[in-house]
Amino acid sequence: MNDQAANLRRLVGDKNTYPDPPNTQATEKKTKQQAESKGPRTIAITSGKGGVGKTNLTVNLAIALGNMGKRVIIIDADMGMANVDILLGTSSRVNLMNLLDPDVALEDVLLRGPYGVSYISGGSGMEHAGELSVTERDILFSKLEDCADWADIILVDTGAGIGKNVLDFIVSADEVLLVTTPEPTSLTDAYAVMKGYSKTTENPNLKLIVNRVIDEPEIREVVGTLSRTAEKFLKLNVECLGYIYDDQMMVKSVRSQVPILSGHPDALAARCITSIANGLVNGRQEKIKLGWRGFLRKLFRK
Ligand SMILES: Nc1ncnc2c1ncn2[C@@H]1O[C@H](COP(=O)(O)OP(=O)(O)O)[C@@H](O)[C@H]1O
Ligand SMILES: [Mg+2]
């Protein structure tokens, strides 16, 4: 175990630089945040390495949560590979940046996709949220705020890695789901995210999802390694919310652009995702701390 920890640390230890902690100065802002602490649960779905299954999890989780009566909005915030559209077999011409146009309302960019999935394409607005002018941030904030009226849960599909914009999303959200596969490269990169996250967040709340697993011993090993390493070296408590078996039906679903939860709800991977949705809704009750408004405030530095 210690070898593995040392390995993970050696692999990620030297190559990372972390941004400064989020600006948390104004007490006045804090009081405001506390006053607005209600709102949809806001969950960021992230990973260290790309291609580990974040978007598939996000889209299918939205369908599974929808089946449980929850209203869900996905924010497609992976600027490099924004492909919520692709998995749904749709294409959107509008994105969040269009909100800056006075004639464009939230309803115009909040797309009602197939399978009951509602989503907003992030566009570059979210990637460079911190660099927008104060007026632009105000406009985006005030229009996006109304997502709270349309959703019980907001899932933010982020890019991979520990770039500043990804970390901004994950430290702004109340809850983080960190997706990894059992591959060593994915584990190492997942550890890098945990490290960056633990250094920048005030209220850590990160859960693991292990994707593409082959059997139960593999799940135990992955979760054991990551959670023990995080506990020991980062003092970060990391639980596992669930796992998803490696399933060819998932690959077929991506190719046919019909999410597995819709096309093959009884497939092994689909049942795993339904169980993760169950865990989110019926598991230990998460307290909404900042919610959606708090997320936007942090993201847009308001
Ligand atoms: N449980 C799974 N079983 C088999 N293949 C999977 C599984 N999850 C994801 N994949 C494959 O991995 C690919 C990348 O998934 P994607 O969700 O786009 O990753 P990310 O959003 O992390 O970049 C999918 O197109 C699919 O082929
Ligand atoms: Mg993706």
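Values in this text are rule-based calculations from the coordinates and carry no lab data. Just so it is clear, the structure is predicted and the values come from calculations on it, not from any experiment. With ideal geometry, Cβ positions are generated from the backbone for all residues, glycine too; neighbour counts draw on all protein chains shown.
Worth a mention:
- For the range 204-302, the calculated P(r), taken from all Cα-Cα distances in 10 Å bins from zero up to the bin holding the longest distance, is 14, 32, 32, 21, 2 percent.
- This ranking places 58, 201, 181 by how few other beta-carbon atoms lie within 10 Å of each, fewest first, which gives 201, 181, 58.
- Kirkwood Rh, angstrom, the range 35-143 [1 / mean 1/r, Cα pairs]: 14.9
- The distance from the alpha carbon centre of the range 162-207 to that of the range 238-301 is 16 Å, rounded to a whole number.
- For the range 112-155, diffusion coefficient by Stokes-Einstein and Kirkwood Rh (Cα), 20 °C, 1.002 mPa s, µm²/s: 179
- Scaled radius of gyration (Cα, divided by 2.2 N^0.38 Å) that the chain gives: 0.95
- Per-residue ellipticity at 222 nm, computed for the chain from helices alone with -39500 (n - 2.57) per DSSP H run of at least four residues, works out to -13000 deg cm²/dmol.
- The listed peptides 85-91, 255-261, 61-67, ordered by packing as a protection proxy, come out as 61-67, 255-261, 85-91 (highest mean of other Cβ atoms within 10 Å first).
- At 1.567 mPa s and 4 °C, Stokes diffusion of the range 82-189 via Kirkwood alpha-carbon radius, µm² per second: 84
- Debye-sum result for the range 159-237 in log10 I(q)/I(0), which assumes one identical scatterer on each alpha carbon, at q = 0.15, 0.19, 0.20, 0.27 Å⁻¹: -0.48, -0.77, -0.85, -1.41
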